[in-house]
1. How big is D, in µm² s⁻¹, for the chain by Stokes-Einstein at 37 °C and 0.692 mPa s if Rh is the Kirkwood radius over C-alpha pairs?
2. Give me the number: length gained by fully extending Glu28 to Val56, i.e. 0.36 nm times residue separation minus the C-alpha to C-alpha distance, one decimal in nm.
3. To make sure I understand the rule: partners must be lysines, Cα under 18 Å from the Cα of Lys4, and not fewer than 8 residues away in the same chain. Which ones qualify?
4. Between the DSSP loop rule and a limit of at most 10 other Cβ atoms within 10 Å, which trypsin sites (Lys or Arg not before Pro) in segment 2-88 are left?
5. Express in % the proportion of alpha carbon pairs of segment 34-85 at distances exceeding 15 Å.
6. So, with +1 on the Cβ of K and R and -1 on the Cβ of D and E, and no other charges, what is the size of the charge dipole of segment 4-79 about its Cα centre, to the nearest 20 debye?
7. Can you give the local net charge around Asp84? Use residues other than it whose beta-carbon is closer than 13 angstrom to its beta-carbon, Lys and Arg +1, Asp and Glu -1.
8. Considering only Ser68, Tyr78, Thr44, whose Cα is most displaced toward the positive end of the charge dipole of the chain, charges sitting on Cβ of Lys, Arg (+1) and Asp, Glu (-1)?
Amino acid sequence: MMNKKFTLVILMHFTDEYLNAVISLCTEKRGQEKSITTVDDSRTMVQYILPLNEIVVDFHDKLKNISSGYASFNYEDYGYEPSDLTKV
């Protein structure tokens with residue numbers, strides 16, 4: 001039997017000055033980069049694929065904290081992906 005984890009595609013908008021902090025947060029949360037797009041001279045849009053359990057706990061709070069409240073995000077279902085899970 002294959003173990004699977006539920007994943008989401010997260011789309012975030014923020015000013016350029018927070019790019020490194022947002023990438024670090026997503027990497028810390030086991031995210032996979034999907035795309036980084038410059039919207040205009042000062043704004044960036046980033047897409048990451050993250051496991052649902054990493055979003056539920058404290059992702060929103062940490063994102064707002066590192067961006068001084070300016071970042072926003074939405075998410076979509078990305079489906080299930082194979083994972084090394086152990087039943088406890």
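Bear in mind that the values in this text are calculations on the coordinates, not laboratory data. Quick caveat: nothing in here was measured; it's all calculated off a predicted structure. A quick note on method: Cβ atoms are made from the backbone with ideal geometry, for glycine too, and the neighbour counts reach across all protein chains shown.
1. Values: Rh = 13.6 Å.
Stokes-Einstein gives a translational diffusion coefficient of 242 µm²/s.
2. Working: separation 28, 0.36 × 28 = 10.08 nm, distance 1.44 nm.
Here the answer is 8.6 nm.
3. Lys29, Lys87
4. Answer by residue number: Lys87.
5. Numbers: 783 of 1326 pairs.
That tail contains 59 percent of the Cα-Cα pairs.
6. Numbers: 8 positive and 11 negative charges, 67 e Å.
For this selection, approximately 320 debye.
7. Values: positive: Lys4, Lys5, Arg30, Lys87; negative: Glu81.
Net of charged neighbours comes to +3.
8. With unit charges placed on the Cβ atoms, the residue in question is Tyr78.
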